[in-house]
1. Among the residues of region 122-169, write down those that are surrounded by 14 or more Cβ atoms within 10 Å (Cβ to Cβ), aromatic (Phe, Trp, Tyr) and either within 30 Å of Asp41 (Cα to Cα) or in contact with a Phe, Trp or Tyr (Cβ under 6 Å, 6 or more places away or on another chain) (or both).
2. Quick one: would you say Ser74 is under 20 Å from Ser102 (Cα atoms), polar (S, T, N, Q) and at pLDDT 85 or above?
3. How many of the residues in region 139-169 are free of Cβ contacts under 8 Å to residues at least 12 places away in the same chain, among the charged types (D, E, K, R) and in a helix (DSSP H, G or I)?
4. Residue by residue through region 19-71, note down the ones that are farther than 20 Å from Val133 by Cβ, surrounded by fewer than 10 Cβ atoms within 10 Å (Cβ to Cβ) and hydrophobic (A, V, I, L, M, F, W, C).
5. Identify the residue in region 90-119 that is aliphatic (A, V, I, L, M) and in contact with a Gly (Cβ under 7 Å, 6 or more places away or on another chain) and, among all such residues, is surrounded by the most Cβ atoms within 10 Å (Cβ to Cβ).
6. Would you be able to say whether some residue in region 7-20 is within 29 Å of Ser92 (Cβ to Cβ) and either modelled with pLDDT under 80 or not β-branched (Val, Ile, Thr) (or both)?
7. Does Val10 fit the bill of being more than 30 Å from Val99 (Cα to Cα) and not charged (D, E, K, R)?
8. Tally up the residues in region 111-128 that are under 9 Å from the mean Cα position of the chain (by Cα) and assigned to a loop (DSSP other than H, G, I, E, B), please.
Amino acid sequence: MSSVILIGVVTGVFLYGIYKRVNIFDVFIEGASENIKAAFDILPALVILMTMIAILNVSGVIEVFTRFISPITSIIGFPRECIPLALLRPLSGSGAMSVYESIVSQNHPDSFVGNVASVIMGSTETTFYTVAVYYGAAKIKNIRYTLICALAADISGFIVACAAVRLMM
């Protein structure tokens with residue numbers, strides 16, 4: 001069904017372009033070249049971000065930080081198993097997805113830990129990735145307030161995820 005809808009949308013755009021007497025091929029090439037330029041503009045920020053995530057994973061920093069912060073998070077009832085997810089989620093969607101999959105495979109998906117991890121994945125954002133992509137494409141350098149507010153929203157999402165799952169279970 002989605003294939004039919006996609007073909008319908010593309011055909012509709014094509015027919016609308018013909019109706020408006022637009023050179024569809026030239027407009028397509030122009031849009032593609034603008035997107036390639038945007039991709040090259042944000043590429044350095046993405047490379048740095050991915051390198052940083054790989055270094056954190058390989059070096060064991062995330063495990064050390066999990067051990068350090070778990071006494072604090074246990075006060076609010078946040079599961080220790082979800083701390084690496086909370087640390088990686090603002091950095092990388094794929095890194096967070098990998099951690100999420102390991103959480104769900106080690107704990108039952110319907111367990112408290114599995115539910116908290118699921119709510120975290122659905123209610124938080126890959127903050128640094130989003131800021132790197134969109135602010136990099138717009139060439140905005142001053143991200144201080146955006147980053148502070150976005151990380152505060154992520155932390156709120158982690159806490160509320162735990163509280164909401166506790167209320168629902």
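The values are calculated or read from the model by the stated rules, or taken from the named source; none is laboratory data. None of these values were measured; they are calculated from a predicted model. So basically every Cβ, Gly included, is an ideal-geometry build from the backbone, and we count neighbours across all protein chains shown.
1. Phe128, Tyr129, Tyr135
2. no
3. Count: 1.
4. Residues satisfying the conditions are Phe25, Val58.
5. This residue is Ile103.
6. no
7. So Val10 passes the test.
8. 3
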